[in-house]
Amino acid sequence: MISAIRPAPAAVTVRVPAKVNLQLAVGPARADGYHSLVTVFHAVSLFDEVTVQLSVRTAITVTGEDAAAVPTDRSNLAWQAASALAKATGQRSAAVRIEIRKRIPVAAGLAGGSADAAATLVACNELWQTGLSSRDLAELAAGLGSDVPFALVGGTAVGRGRGEQLTPALAAGTYHWALAFGHDGLSTAQVYATCDRLRAARAAAGDRPGTREPELSHPLMTALRSGDPAQVGPLLTNDLQPAALSLQPALRRALAAGRELGALGAIVSGSGPTCAFLAHDAARARELAVALTGSGVCRAVARASGPVPGAIIVRDRDRQPS
Ligand code: C5P
């Protein structure tokens, strides 16, 4: 039998989705500064695209949504992803040109930077033909950031630990969303720190017992299995929401507007400031998006549906024969 040996591609393009958190239960800060959490990740159809190709030196270019806000040096998680993969696989000529086409807003609570890192891992893995398994890639992803492993797999999944330990969640049906983007970004680290401060203040006032270990919402898991957005909507929760609202009080107006306009659920996504509104169906999501745009409570609105798969190769450009 002749086995087909595939030539290494000259360029690889990977598409990767944004995420929203259907539940984000935040526990106490751990010794390493991260918070233990239980979250239900849900990948939605708002995608970045990352293309990698061999180069004489590593460089990043960014186009699209918020491009000017994205660093193009080593501080970019996509650069770190390429370096980590090169190191792990002993790649000798590991310089790559990384082109990121952004549709996921930056610092928005949608894990756009993590998505680009996951896409870069998948793209470089193909470009260099390293043969690493998805399990190996997931391990590298966890070293890059809490949300990176989920961007590799997508779908709907429960995240534990600091978010990097994943188990797939049984979710039926498709969920339709309107995503309202804020004018300014929020730093994830600052939102977690504010959450701690608000909790400490409430505990000092005798208002609240100490922070408990987070627990998965079983009512939400049951609702997700039913596939009925009307059941899911009221069960969306986010422990970081009070912190995001205290940093950007205007988000309250956005959430209230979405509820008044008939959203089944209205929630800050992750560390914010994006607000995610769940609709009955695609047509209602479109109406909601139009009405939110007209209400002036946010910078822009996008429609998206989920769950969608994680980072996937959409184009391999073959090496030209020399
Ligand atoms: O893991 P990642 O680099 O995306 O996290 C960004 C920041 O968010 C961390 O530096 C930390 O301040 C905060 N974080 C946290 N607990 C988590 C995840 C993130 O405190 N489980």
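Observations
- Estimated [θ] at 222 nm from DSSP helical runs (n ≥ 4, -39500 (n - 2.57)) normalised by residues in the chain, nearest 500: -10000 deg cm²/dmol
- Within the shell defined by Cβ-Cβ distances under 14 Å, the residues around Leu251 carry a net charge of +3, with Lys and Arg each +1 and Asp and Glu each -1.
- Where the chain is the region considered: accessible area per residue in Å², 1.4 Å probe: 46
- Euclidean distance of C-alpha centroids, the range 32-63 and the range 133-192, integer Å: 10
- The range 97-200 - Debye-derived log10 I(q)/I(0), Cα point model, q = 0.13, 0.16, 0.18, 0.23 Å⁻¹: -0.60, -0.89, -1.07, -1.34
- Among Pro307, Pro28, Pro17: highest mean-square fluctuation, GNM of the chain, C-alpha pairs under 10 Å: Pro28
- Ranked packing of 50-63, 258-271, most packed first, by mean Cβ within 10 Å: 258-271, 50-63
- When the Gaussian network model of the chain links Cα atoms closer than 10 Å, the mean-square fluctuations of Asp281, Asp207, Asp66 top out at Asp207.
- The shape of the range 12-164 comes out prolate: with a ≥ b ≥ c from the C-alpha gyration tensor, a/c is at least 1.5 and a/b beats b/c.
- Beta bridge orientation in the chain: antiparallel %, DSSP, nearest 5: 85
- Pairwise label distance in nanometres, Ser75 with Ser133, each label 7 Å out on the Cα-Cβ vector: 3.8
- Taking the protein heavy atoms of the chain in the context of the full set of protein chains, the accessible area attributed to carbon and sulfur is 52 percent at 1.4 Å.
- Computed over the alpha-carbon atoms, the range 1-71 gives an Rg to Rh ratio of 1.15, Rh here being the Kirkwood radius from the mean inverse distance.
- Springs join every pair of Cα atoms under 10 Å in this Gaussian network model of the chain, and among Gly131, Gly272, Gly159 the largest mean-square fluctuation is at Gly131.
- Shape category assigned to the range 189-281 from the gyration tensor of Cα positions, a/c cut at 1.5: oblate
- Residue-normalised convex hull volume from the C-alpha trace of the chain: 153 Å³ per residue.
The values are calculated or read from the model by the stated rules, or taken from the named source; none is laboratory data. All figures in this text were calculated on a predicted structure; none of them were measured in a lab. Every residue, glycine as well, gets a Cβ built from its backbone with ideal geometry; the counts of neighbours run over all protein chains shown. Surface areas here come from the heavy atoms of the whole protein model, side chains and all, with no ligands, DNA or RNA. Shrake-Rupley method; radii C 1.70, N 1.55, O 1.52, S 1.80 Å.
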